[in-house]
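Just so you know, all these numbers are worked out from the coordinates, no wet-lab data involved. What you are looking at is a predicted structure, and each value in this text was computed from that prediction instead of being measured. All Cβ positions, even for glycine, are placed from backbone atoms using ideal geometry, and neighbour counts span all protein chains on display.
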Ligand SMILES: NC(=O)c1ccc[n+]([C@@H]2O[C@H](COP(=O)([O-])OP(=O)(O)OC[C@H]3O[C@@H](n4cnc5c(N)ncnc54)[C@H](OP(=O)(O)O)[C@@H]3O)[C@@H](O)[C@H]2O)c1
């Protein structure tokens with residue numbers, strides 16, 4: 001399917017691994033030009049930059065100045081922005097709400113919510129000047145399924161989904177579509193990194209991290225398809241929402257969770 005994203009200028013946050021990296025891969029496959037922000041590069045992102053128009057920007061997006069610096073780089077390099085993918089976010093497994101400090105809450109909101117606020121605020125003047133521009137926010141099913149194990153992250157994602165709608169209400173009439181993608185568990189370093197959620201689930205279930213991801217998580221979370229989502233599947237949905245093919249979709253929040261959410 002032709003997505004009509006050739007030569008579009010895209011800013012992707014959290015672009016070096018996982019879903020962000022898959023979004024970059026998908027965008028360059030479509031011929032888009034990408035400005036990719038994360039604290040560090042990875043060999044995979046560097047390999048894409050060696051072959052395609054990908055500008056790798058080392059930036060800490062949890063800081064007040066990081067998002068603006070990323071947008072500035074994009075404008076310096078390309079003079080415009082057509083697409084913003086607010087992807088960066090992170091959670092830490094919590095034992096109890098009672099053990100989550102103010103500092104913990106602020107850290108999670110800083111990266112998962114305020115990075116999207118700040119990047120959107122910096123990019124919107126350029127998106128408004130572009131033709132057919134859009135924002136895609138990578139939220140989570142935890143926005144509507146708040147788990148105690150990620151109490152702070154769930155609240156930050158609920159805030160992001162709310163922001164998604166408010167930005168669509170204000171800016172869709174001015175030509176910028178704003179949509180969210182809400183994944184269930186996705187096979188990325190978020191789960192697979194040492195000490196991540198796969199290890200925590202494996203320890204609780206007395207099994208390996210691989211078995212936890214392939215069997216325990218789908219079963220215990222009621223994932224109807226019987227498997228977690230792959231990063232390229234989230235990227236494909238993101239690219240579709242960014243494409244003019246989705247030209248009258250705005251303010252939407254599309255769940256990709258293998259049927260984990262059971263309600264309408
Ligand atoms: N994986 C899932 O199961 C899942 C499910 C639902 C929603 N999501 C959401 O999808 C998004 C991507 O998740 P993922 O699973 O792909 O995560 P991931 O594999 O942990 O990758 C996170 C990316 O963000 C970057 N990053 C982290 N902290 C940063 C910072 N302070 N400044 C700049 N970049 C930073 C990382 O690179 P550096 O470390 O080099 O900075 C990396 O490129 C997140 O918003 C997450 O909440 C994930």
Hits in the range 86-109 (condition: under 16 Å from residue 158 (Cβ atoms) and part of a helix (DSSP H, G or I)): 97, 105, 108, 109
For the range 215-260, give me each residue that is over 18 Å from residue 179 (Cβ atoms), surrounded by fewer than 17 Cβ atoms within 10 Å (Cβ to Cβ) and without any contact (Cβ under 8 Å) to a residue 24 or more places away in the chain. 215, 219, 220
Hits in the range 11-36 (condition: within 17 Å of residue 76 (Cβ to Cβ) and more than 15 Å from the ligand (Cβ to nearest atom)): 33
Would you kindly identify the helices (runs of 4 or more DSSP H) lying entirely within the range 1-85 that contain at least 2 residues that are buried (at least 24 other Cβ atoms within 10 Å of the Cβ)? 18-29, 66-78
Which one of these does residue 41 not meet: (1) within 13 Å of the ligand (Cβ to nearest atom); (2) free of Cβ contacts under 8 Å to residues at least 24 places away in the same chain? (2)
Suppose the filter is free of Cβ contacts under 8 Å to residues at least 12 places away in the same chain, within 14 Å of the ligand (Cβ to nearest atom) and more than 23 Å from residue 164 (Cβ to Cβ); does residue 60 pass it? no
